[in-house]
Structures are given as structure tokens and as C-alpha cells.
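> Here it is, the structure, as C-alpha cells.
A short reminder: the numbers here are calculations on the coordinates, not readings from a lab. This is a predicted model, so every value here is computed, not measured. Because the Cβ atoms are built from the backbone with ideal geometry, glycine has one as well, and the counts that use them run over all protein chains shown.
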Amino acid sequence: MKRRDGLAEAAGRWSATHRGAAVLLWLAFVVAATVLGGFVTQAEPTPAELTNGEARHAEQILERAGLELPAHEVVFIRADGSAVDSEAFRATVTDTVKQIMATGKVRDVVSPLDPAGEAAVSADRHAVLVQFDMAGDAVEAKEEVQPVLDAVAKAARAHPGFSVEQFGEASFAHKYDEKLHTDYANAEYLSFPVTLGILLVAFGALVAALLPVVLALTAVVAAGGLLTLSSHLVHIDQNGSSVMSLIGIAVGVDYSLFYLRRVREERARGATTRAAVNAAAATSGRSVIVSGITVIVSLAGLYLSGNGIFFGMATATIIVVAVAVLGSVTVLPALLSLLGDRMDKGRIPLLPRLRADDADEAGDPVRRGAWGALLAAVLRRPAISLVVCAGALVALVVPAFSLHTSDPGVSDLPAKSLPVLQTYERIQQTFPGSSTPAKVVVAADSLDGPAGEAALRSFRDASTSTPGLSGPVTFRVSDDGKVGVATIGLVGTGTDERSVRALRTLREKVVPETFGRVPGADVAVGGTTAASVDTNGHLSDSAPWVAGFVLLFTFLVMLFSFRSLVMAGLTLVLNLLSVGAAYGIVVLVFQRGWGEGPLGFTSTGGIASWVPLFLFVFLFGLSMDYHVFVVSRIREGHDRGLSNGQAVERGIRSTAGVVTSAAVVMVAVAGVFGMLPQLSMKESGVGMATAVLVDATLVRVVLLPAAMKLLGEWNWYVPRWLSWLPAGFTESAPGSAAADAPAAGQPDGTDKEVVHSRA
């Protein structure tokens, strides 16, 4: 009976046969995606999409009323040698107000020289705040704030004896985005040569090393165009775009590595280029598809978070992983077929052993080396190895139980990295809470009547008499008089414990006793502090649902892929250990501050709210790259008739080199992003690098072989009520030179209690 080709094998066979067409189609796809993406601008999330809970409700009230929360800004004016009552000080304030109003980009300007702004004068009367809101759309305010920044800079030059500086939501976002765009671009530019250097060592040849980098680069470029288009369906913020590049480089290179190494291995056995490509398509190509599906399914769990930031991250990375998988199973076989022997062009003289490594892995199942010696020791004493290694990982997991999240806010970047943050610190020292105020949104039948006016008076009085709150209070009403927005300062940095306590006072005491008494009023408190608190709480509530989704579908993918109940369960246990170890290290390094000196940051006493969920989903998905590749090789040997011990040994040995290379690439790329000044990106980069390192060493070389050696034929157990499961992605490569028959007298691996699928 003729065996039907699987998806990866059929795609690889067609690609190798129609090489020119496959390459041209891929290039056309990349160009089309890039050009189409260039016709539109990337759509960013609305303020409501970026938060949850009551803070989101506040934004939604404003959106329905067509009255968005304005981007609040302040200008800090200080002169140690002059007081606010002096003529020079008053002239500086007046000129600054005049300059910013002349831009036409501001509204609701409150001068400290007016009665409404008296609270914005410092206790020593040497500093004041000019407060205003940006006109127009709050989301677009960061794009419109530059003329105002220029006006403030002009006022500063006109009054050399005074410090005149601006800070606010729009000005900070403007400078922050500029900084991040530069930093991320530099990280991406650095990651490619670093990756190329690692691959040169791994393959010892320039052409073979360039191939994965080129494929990853084109995948990221194409995904970037598709991401811009898709952002009009699911809005994408800066974090989503940056994570897409990080994941795209890593998985694009990994998938190419698996494919390329299998082709070289088959050729070292004496196979023709066409036969080697077909064998790689039937084995590594299938592993790439299984791995990609698992990563995509894991990422889809982020849609259960209910937060726009995670929606953007999930969409961005699903797109780039899908494109990387597509390129790996379509254009890569064509390129390998075209290159043939030329894939080894540009040999590096100092690295002559790589080709021998391929030949050894192809023909000698007991080749020794660093990994070989370790594996031999593990397989000799699997129980001891399992207990020792699992104990070490559990010790790393323990600190993770003390993990707690805290939004770093503006502290996500060190003040020295951005002048606007230094301005923020000076403002906070003199006027705590004034630059990141809470925003109280009120919806009622009429706010212009006696009840609304009385509530506003009570609210203004509370701002001066309630500890933790600071004035001045601004209040703006929609044209129909049914929706209003009041702003009030909170003590603290905006995301620290003092600010959280002040927010609680505002919500539980001040608002109910003021605006809450307006008949039929719908009141919600928003702003930076509220968004931080509400989002943290929401993510904590949604995390179990996201984790449950990822665990369930990873289990199902592994069950269908390898037709083994035990392997699916073992996968979950091993991945949870590696992710838990990464959590523990992140807690020690960042929450407890052990890495402050080496990594150059100041601990906030917690982990950024989006990082733990991000790490869980991404690490659970990405660890499947190595797991699927290694287990596929073990299953391949088992299905060819090798004993359990032989299959485990051969599978681990034959994949150790490529898994090590892929892991080094992943660690290096994550490490590059972990060196960025942004604290949350440091946390995610270090967490990813740690988890991949643990996964590719302790888990894949010690725990996995030890567990599989102890389990024996139970590795492939599937109960009879699941015997209907298809063979999945585990068939051997047809005609592969690697197809070893079992030794004479060797057990054929069957057992009446275990249901197997044989190729």
C-alpha cells in the first residue's frame, strides 16, 4: 500500500522539485506583505484596551460620550534665587503660558498666578507648575506634543535664570517611544550578527550559517507588513512589535537549524541532495510544524487575558511564528536543493570538525564528547540523575512562590537614560502626584444643576483636606453636560504603595461622598495609578484561565503528535519545571535585587505586571522547539525497532549539537534584548534566556533521558480507548539512510499493554 506524504513532506518534495518557483513565490510573498503593510499605518490600542476593571470603565464612559481623557501635561518652573512673587518669576510664568497657548495644541491651561492654580505653588515659593491638557485625541497626543516641547524650550532659553521643563503623559510617551524605537532597533541590528557568529561556529561554513539568518530576516520583514495590516483588526502597541522581532529571529533560526542539520546528516550518510531534503522534510519538517502549532496554540491563550497589550503580543508573535513555519517547510527545501554541496562553501579553517560531527552523528550512535559523557552517566544511573536534577530545579522554583507584580510605571526606564524622567523626579520632589493625576469620570443626567455643582465643590474641598490627595482640581464637562472629568493628584510615584493607598482613599471615601451623591451618577476612577492597580488585579484573575488553556492544548497537541498519553504528561511536567525555574531566577535577580549591579537597574520590589504571564505562555511554547525535535528523533529510532535505551541514547546524541546551537542562539537573542534599559524588557529577556538555557541543558540532557529510560516502553503508552488516535507526526523518513534495523535477538519494542504506530 502506497504511503501518503504528510504535509511537511509533500511541501518539501514540491519545493525541491520546483526550486525556482518556490524561491520566487517566497520572495513575492515577502515583498507583497511589506508593500501592502506600507500603505497603512499601524493602529495602536485605545486607552480602554490597555487597561481593565474600573479604569477601563472610566475610559469607556468617555468613549461613548466622545469625551476622551485628555493627556495631562505640566511645566515645572523653578528658580532658587527668585520667589514666585518677584517680577522676573511672574514674567517667566506669563511668557511660558503665552508660548504654549500659541501652539494651538493645548487647552484648559491653569496658571499658578491665577486663583485656580494657587495650589501649584511650592511651599518655599521657589517653584510652580503650569498645568494643561493636550487638545485633540489622547492616543495621538504624543504625536502632537513636539510643538509644545519646542515652545517650552524656547521659554527656557528666554529666561536663563530659571529652570523651565515639561513632563506629562504625552511628552513622556513621545520621548519614551523615541528611546524604545532606537533601543529596539539597535538590539535587532546586534542580534543578527551575533546569531550569524554562533551559526558560523555551529556549522563551520559561511553559506550554511547565512541560510537560517536570511530566512529569519525575511520572515520578520514579511511578518512586519502583515502585522501592520492586522493591527486594524487587533490593535498593536510598541511591546507587540518588539516581541515579534525577538521571537521571529529566534524561531526562524531554530526551525532552519533543525532542517539544515538533518539534511547535512543525511548527506553525510551518503544520501543524494534530493533524498536528504526529502528525509529532512519528513522528519525535521514535521517537527517544525508540530512545534509551530504548539507555539501558536500557547500564544492564543493570551487572548483569554482580556487585555489589549497581550492581544497585540499574541497577534504579533502568532503571525511571525506562522510565517517562519511557512518559510521553513516551503522555501528552505528549495534553497537546500539548489545549493547542494555549496551549502558548505566558505568553510572556516579553525572549525574543521563540524562536518565530521555530522558524519559521526549519522553513523556512530555512541560518539563521545561533553554531552556524550554526561548522557552516558545519566543513562547508567537514571534514577539518581532524575532525583538530583529535579531537586536542583525545584530549589530554583521555590523563590517563584514569593513572586508578586507591580507596575514600574515611569521607573521602567532609569532616570539617567532619559532627560524627561529627570524632570519627572524633580517635579515629584516638589509636587508629589501632580504629574500623574487620578481622573474621576462622572456620567449623570445633568452635571450643570445644583447637585453637580455641590458635588464638585465638595470634591475640591476634599482635595485639600484628605491625606494622600493634592490639588489643584480641574474639571471639564462634555457639550451635553452629561459626562465630566475631574483630575486630582495622588501622592507617590503613581505606581508605588503610597499612590495605591491614596487611590483607595479616593475610590472608597472621597468619590462616594462627593460625585457619588449625584442622583443616577455612574462614577469611575481612571488614570495611571488606577490602570496599574486594576490591570494587575485583572491579570491575576485571568492567569489561571490562560495557564489552563496552554496546559490543556499543549497536552492535546503532544498526545496527537506522538500518540502517547505518558509523553504528553511528561511534557507538561518538564516544561513546568523549566518555566518555574525561570520564574525563581527572575524573582531573585529583579524582585530581590540580586542583579542590580551587573544589569544596571533599581529594583521596584516586584515584577512588571505583564512579564509573568508573558513568560509562561512564551516559554511554554518555545520550549517545545527542542522538546518536539528531540522526542521526534527518539520516537523515530523506536519505530525503526531500536530498544528503548538505544532509541533514547541515539535520539539525544543525534540532536545534542543542533539543540545546543539553537539554544545558544535563543539565549543570545534574548540576552541582547535583556540588556535594554527598559526594566520590564530586562525581566523578560533574562527570564527567557534562563528558561531556554535550563531547558536545553538540564531538562533535555538529564531529566528527559533519565525519565524516558526509567519509563521504558511506557513512554509510548496509549490506552485502548484512545487507540483510534492517528499516527500523528512520528513516522520515519522514507528511504532514510538512518533506518537502522534492530540487532539480532534484540526485542522489537512491542508490548501487549502498549499500542504503537509503526511506519
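> Might you report the magnitude of the Cβ-based charge dipole of the range 92-146 about its Cα centre, with Lys and Arg at +1 and Asp and Glu at -1, to the nearest 20 debye?
For the range 92-146, the charge dipole is close to 160 debye.
> Restricting the calculation to Cα positions, tell me the Rg (one decimal) and the Dmax (whole number) of the range 71-170 in Å.
12.8, 39
> On a 0 to 90° scale, report how tilted helix 679-694 is relative to the longest principal axis of the chain, with both axes built from alpha carbons and the result rounded to the nearest 10.
Approximately 10 degrees, to the nearest ten.
> Calculate how steeply helix 19-38 sits against the longest principal axis of the alpha-carbon atoms of the chain, using the helix alpha-carbon long axis, and give the answer as 0 to 90 degrees to the nearest 10.
10
> Restricting attention to the range 107-174, which trypsin sites (Lys or Arg not before Pro) occupy a DSSP loop and are surrounded by at most 16 other Cβ atoms within 10 Å?
In loop regions of the range 107-174 (DSSP not H, G, I, E or B), the sparsely surrounded trypsin sites (Lys or Arg not before Pro) are 125.
> What whole-number volume per residue, in cubic angstrom, does the convex hull of the C-alpha atoms of the range 228-291 give?
Cα convex hull per residue, to the nearest whole number: 99 Å³.
> Follow-up question, since we're still on this one. Hey, of (1) 47; (2) 43; (3) 58, which did the structure itself give for percent of Cα pairs over 37 Å apart when calculated?
Checking each listed value against the structure points to (1).
> Then there's this: Name the residues whose placed amide hydrogens come within less than 5 Å of the amide hydrogen of residue 608, ignoring near sequence neighbours (fewer than 5 apart) on the same chain.
The answer is 406.
> How many angstrom separate the Cα center of the range 598-642 from the Cα center of the range 377-424?
So the separation of the two Cα centres works out to 14 Å.
> May I pose another question? Report the Cα centroid-to-centroid distance between the range 194-237 and the range 8-60 in angstrom, as an integer.
Centre-to-centre distance over Cα atoms comes out at 13 Å.
> Short version: ³J(HN,Hα) in whole Hz for each residue of the range 220-232, in order, from phi by Karplus 6.51 cos²θ - 1.76 cosθ + 1.60 (θ = phi - 60°), x for Gly and Pro, what are they?
In residue order, the calculated couplings are 5, 5, 5, 5, x, x, 5, 5, 4, 5, 6, 5, 7 Hz.
> Let me ask something else about it. If Lys and Arg each add +1 and Asp and Glu each add -1, what is the summed charge of the other residues whose beta carbon sits under 12 Å from the beta carbon of residue 672?
That works out to -1.
> While we're on this one: Where Lys and Arg each count +1 and Asp and Glu each count -1, what net charge lies around residue 147 among other residues with Cβ under 12 Å from its Cβ?
-1
> From the square roots a ≥ b ≥ c of the eigenvalues of the alpha-carbon gyration tensor of the range 147-241, which class results: rounded (a/c under 1.5), prolate (a/b over b/c), or oblate?
The shape class here is oblate.
> For residue 345, list the aspartates and glutamates whose Cα falls under 14 Å from its own Cα; do not include residues on the same chain fewer than 8 positions away.
Leaving aside aspartates and glutamates fewer than 8 places away in the same chain, none come within reach of residue 345.
> Using the basic label-point model (7 angstrom from Cα toward the beta carbon), what is the residue 137 to residue 422 distance in nanometres?
Label at residue 137, label at residue 422, 3.4 nm between them.
> Is there a quick way to get the dipole size of the chain? I mean about its Cα centre, with the Cβ of Lys and Arg at +1 and of Asp and Glu at -1; what is the value in debye to the nearest 20?
The dipole magnitude comes to about 3240 debye.
> Can you list the HN-Hα couplings for the range 315-327, worked out from phi with the Karplus curve (6.51, -1.76, 1.60; θ = phi - 60°), rounded to whole Hz and with x for Gly and Pro?
Residue by residue, the range 315-327 yields 4, 4, 7, 4, 4, 5, 5, 4, 5, 5, 5, 4, x Hz.
> Here's a follow-up. Could I have the simple spin-label model distance between residue 221 and residue 445, label points 7 Å from Cα toward Cβ, reported in nm to one decimal?
6.4
> Moving on. For every helix of n ≥ 4 consecutive DSSP H residues, a contribution of -39,500 (n - 2.57) applies; sum these over the chain, divide by its total residues, and give [θ] at 222 nm rounded to the nearest 500 deg cm²/dmol.
Mean residue ellipticity at 222 nm (helix-derived): -19500 deg cm²/dmol.
> Now a separate question. Projecting each Cα onto the charge dipole of the chain (Lys/Arg +1, Asp/Glu -1 at the beta carbon, about the Cα centre), which of 148, 242, 263 comes out farthest on the positive side?
The residue sitting most towards the positive pole is 263.
> Cut-off under 19 Å on the C-alpha distance; same-chain residues fewer than 8 positions from residue 175 excluded. Which lysines are left, in chain and number order?
105, 142, 154, 416
> Quote the Stokes-Einstein diffusion coefficient, in whole µm² s⁻¹, for the range 496-543, based on the Kirkwood radius over alpha carbon pairs, a temperature of 4 °C and a viscosity of 1.567 mPa s.
Rounded, D is 110 µm²/s.
> Shifting gears a bit: As I understand it, the dipole of the chain uses +1 on the Cβ of Lys and Arg and -1 on the Cβ of Asp and Glu, about the Cα centre. Which of 171, 339, 41 lies farthest toward its positive end?
Towards the positive end, the residue furthest out is 339.
> Another one. Please check the chain for the longest run free of GluC sites (Glu not before Pro) that are loop-located per DSSP (anything but H, G, I, E, B) and have at most 15 other Cβ atoms within 10 Å.
With a cap of 15 other Cβ atoms within 10 Å, the longest stretch comes to 141-752.
> Scan the chain and report its longest stretch carrying no chymotrypsin sites (Phe, Trp or Tyr not before Pro) that are both in a DSSP loop and have at most 16 other Cβ atoms within 10 Å.
With chymotrypsin sites (Phe, Trp or Tyr not before Pro) excluded where exposed in loops, the chain gives 40-593 as its longest stretch.
> Per q in 0.13, 0.14, 0.19, 0.22 1/Å, what log10 I(q)/I(0) does a Debye calculation on the alpha-carbon atoms of the range 434-533 return?
-0.39, -0.45, -0.82, -1.08
> Pop the C-beta distance of residue 555 and residue 466 into the FRET formula with R0 = 56 Å and round what comes out to the nearest 0.05.
Rounded to the nearest 0.05, the efficiency is 0.60.
> Just name one of 465, 487, 608: the one whose Cα is farthest towards the positive end of the charge dipole of the range 462-618 (beta-carbon charges, Lys/Arg +1, Asp/Glu -1).
608
> Still on this structure, I have one more. For the range 22-77, take N as its residue count and report Rg(C-alpha) divided by 2.2 N^0.38 Å.
Here the answer is 1.98, to two decimals.
> Same structure again: Find the relative contact order for the range 71-170 and round it to a whole percent, using C-alpha pairs within less than 8 Å whose residues are 6+ positions apart.
After rounding, I find 44 percent.
> Straight distance only, please: which aspartates and glutamates reach the Cα of residue 439 with their own Cα at less than 12 Å, same-chain residues fewer than 8 apart left out?
54, 59, 68
> Gap in Å between the Cα centre of the range 507-561 and the Cα centre of the range 71-134?
Spelled out, the Cα-based centre of one part sits 37 Å from the other.
> With labels modelled as points extended 7 Å from the Cα through the Cβ direction, what inter-label distance (nm, one decimal) is found for residue 146 paired with residue 721?
6.6
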